[in-house]
Amino acid sequence: MSRNSTETELQDLLRSDDKKALETIYVQYKNEFLNYSKKYGLDRLSALDIYQDAIIAMHHNFVSSQLVLTSSSIKTYLFGIGKFKILKKLKEEDKFLRVETEEKGYTEIQIEESSPSEQSVVLSAHLKKISESCRKVLELFYYRNLTVDEIVQLTEYKDGNTVRSHKSRCLKRLKSLFKVR
């Protein structure tokens, strides 16, 4: 049996809520995910919690949404969910600042281990070094969680592409300030 037909059959079993298929996936990728999570500096228990949450989310998506993966494998999908959950946890712990880039969708800037208040001071100092227009766009997008279209309506920018381009340049400048440190 080829790998693609096995993958397709496994997806079919997951959609039909087959617990044995779920257990197979859980066992098959557990150690690999735990090793993968080490590069983010997670302890084993946190990594295991995140892996279990990712398995539950994947299972839910297959059963309730009748998910069909056509361009990725179950492993890739599972690890994608897991990576999202890892980054969310690190962001909550203020260990990473998430910065979007055009190349990969995002990049992480690791902030040195320090207290959240020290991290805020560093970020605040770097924000003072960029232009007023950059601070405004970044504030609207990241602090107020406005969409690009909402930013266009509130500012003098002519369209969404202009906002995205300006935001990208501002983030590159901010990222370079963190590297200098």
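Summary table below
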{"read-out": "Footprinting exposure proxy for 170, 134 (fewest neighbouring C-beta atoms within 10 Å first)", "value": "134, 170"}
{"read-out": "Sequence-distant residues sharing a close amide H with residue 130 (under 5 Å, placed H)", "value": "none"}
{"read-out": "Cβ-Cβ FRET estimate between residue 161 and residue 20, R0 fixed at 35 Å, reported to 0.05", "value": "0.10"}
{"read-out": "nm² value of the averaged projected area, convex hull over the Cα atoms of the stretch 3-92", "value": "5.8"}
{"read-out": "Straight-distance crosslink candidates among lysines, where the alpha carbon sits under 20 Å from residue 20 and sequence neighbours closer than 8 are dropped", "value": "30, 75"}
{"read-out": "Which listed pairs, of 38/167; 38/85; 128/175; 39/128, have C-alpha distances above 24 Å, in listed order", "value": "38/167; 39/128"}
{"read-out": "Vicinal HN-Hα couplings computed from phi for the stretch 23-36 (Karplus, 6.51 cos²θ - 1.76 cosθ + 1.60; Hz; Gly/Pro x)", "value": "5, 4, 5, 4, 5, 4, 10, 4, 5, 5, 5, 4, 5, 4"}
{"read-out": "Relative packing of peptides 26-32, 45-51 - highest average C-beta neighbours within 10 Å first", "value": "45-51, 26-32"}
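All of the numbers you see were taken from the coordinates with simple rules; none came from a lab. Keep in mind it's a predicted model, so treat the numbers as computed, not measured. In this analysis, Cβ positions are derived from the backbone assuming ideal geometry, glycine residues included, and neighbour counts consider all displayed protein chains.
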